Amino acid sequence: MTADPNAATQAFPPPPHRRDSPARYLVPALVAAAVAVGLGVYGKVHDPAGTAFNLAGFSSTGAVKSWLATTAFFFALVQVVSAFMVYGKLPGPSWSATLHRWSGRIAFLVAVPVAVHCLYAFGYQTYSTRVMWHSLLGCLFFGAFSAKMLLLRSERLPGWLLPLVGGLVFTGLTLLWLTSALWFFRTFGVST
């Protein structure tokens, strides 16, 4: 018996259709909760060091963190606009998806040193309402970000899920910026 290389391959029955279960979203949700709680617990039990880094050219660590946070917030705004382009809600260039991915990467990479400094230098603090909200939002932001990264690898997501989680990440970063960088600039002035 010879095989014809041009013949159609044997038709196998399609795999049975699996019903999407909400349980498949449980892992990203549990990871998000573990990240948020883990950061909060570490921040609470860690003895604050007072400072972790400073960069030449800046007047204070607060200025460094505020400008890095502002940079992250700017790229988060680019993320939102490019997401609207990717989803066809705004006209955009063919490279909108690339812009979306890279602006998110840059925003995250710029936000990490700020978060590391906050955790190491100050920990999880609750001595004022602003600081308490900032500490809580920092933990929630990195938890939501972790969930978003895991969901990106999932197939057949409901069309509303990724924009919802992305919106939570953006809202978290916006509130973090409002309770830190904007507060710093209003309190100490816009300086380097």
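The values are calculated or read from the model by the stated rules, or taken from the named source; none is laboratory data. Bear in mind the structure is a predicted one, so any value in this text is a computation, not a measurement. The accessibility values were calculated without ligands, DNA or RNA, using every heavy atom of the protein model including side chains. Shrake-Rupley method; radii C 1.70, N 1.55, O 1.52, S 1.80 Å.
Straight-distance candidates among the lysines for linking to K44, with alpha-carbon spacing under 26 Å and chain neighbours fewer than 8 residues away dropped: K65, K148.
Our note on the geometry: Cα centres of the stretch 79-127 and the stretch 145-171, 13 Å apart. Along the stretch 83-90 the Karplus relation, 6.51 cos²θ - 1.76 cosθ + 1.60 evaluated at θ = phi - 60°, assigns HN-Hα couplings of 5, 4, 5, 4, 7, x, 7, 10 Hz to successive residues, with x for each Gly and Pro. Our estimate of slack between Y127 and S154, defined as 0.36 nm per intervening residue step minus the Cα-Cα distance, is 5.7 nm. The apolar share of the surface of the stretch 69-132, taken as the fraction of accessible area on carbon and sulfur atoms (1.4 Å probe, ligands and nucleic acids excluded), comes to 73 percent.
Per-residue 3J(HN,Hα) values for the stretch 175-181, derived from phi via the Karplus relation 6.51 cos²θ - 1.76 cosθ + 1.60 with θ = phi - 60°, read 5, 4, 4, 5, 8, 10, 5 Hz in sequence order (x marks Gly and Pro).
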